[in-house]
Amino acid sequence: MHNRRHIDRKHLMQYLRVYECNTASLLGYLVDISMDGFMLLSEVPLETGKTMRVRIVLNQNERQEMVFTVESLWSARDVNPNYVNTGFRLLEIPPKEFDSVRDILEKHCYQSLP
């Protein structure tokens, strides 16, 4: 699945919390993102092939967050065996969230060196 990615993902400077909307349970932490999807770091494996609504908390203090419909595509052990990485595809980006994703890419990600 990694080889099919058409847009490079950007790595975040700080991990953002991601919650499943229906249960409000913490799924894990956003570690990289693109306009097509993201990778999540968690302590437990997440089911693949599942569609869900997730909430990404941008700023706890200001209660800024984004909500998306996503599909989990793959799951694999992290380099640290205590964690699992899961890849998600963004299925639906509401227009108001599109700018928020772009903002994350510009303000919260490491910039590539020329």
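Taking first residues from the range 91-102 that are modelled with pLDDT of 75 or more and partners that are not in a strand (DSSP E or B), the Cβ contacts under 8 Å between residues at least 6 apart in sequence or on separate chains come to I93/M35; I93/V101.
Do you know which of the residues in the range 78-90 that are touching a residue at least 24 places away in the same chain (Cβ under 8 Å) and outside any strand (DSSP E or B) is farthest from D36 (Cα to Cα)? So, considering only residues that are touching a residue at least 24 places away in the same chain (Cβ under 8 Å) and outside any strand (DSSP E or B), the one farthest from D36 (Cα to Cα) is N82. Condition check for R55 on (1) part of a strand (DSSP E or B); (2) modelled with pLDDT under 85; (3) among the basic types (K, R): one failure, at (2).
Restricting attention to the range 16-30 and to residues that are hydrophobic (A, V, I, L, M, F, W, C) and buried (at least 18 other Cβ atoms within 10 Å of the Cβ), the residue that is farthest from the chain's Cα centre (by Cα) turns out to be L27.
The values are calculated or read from the model by the stated rules, or taken from the named source; none is laboratory data. Small disclaimer: the values here were computed from a predicted structure and weren't measured. With ideal geometry, Cβ positions are generated from the backbone for all residues, glycine too; neighbour counts draw on all protein chains shown.
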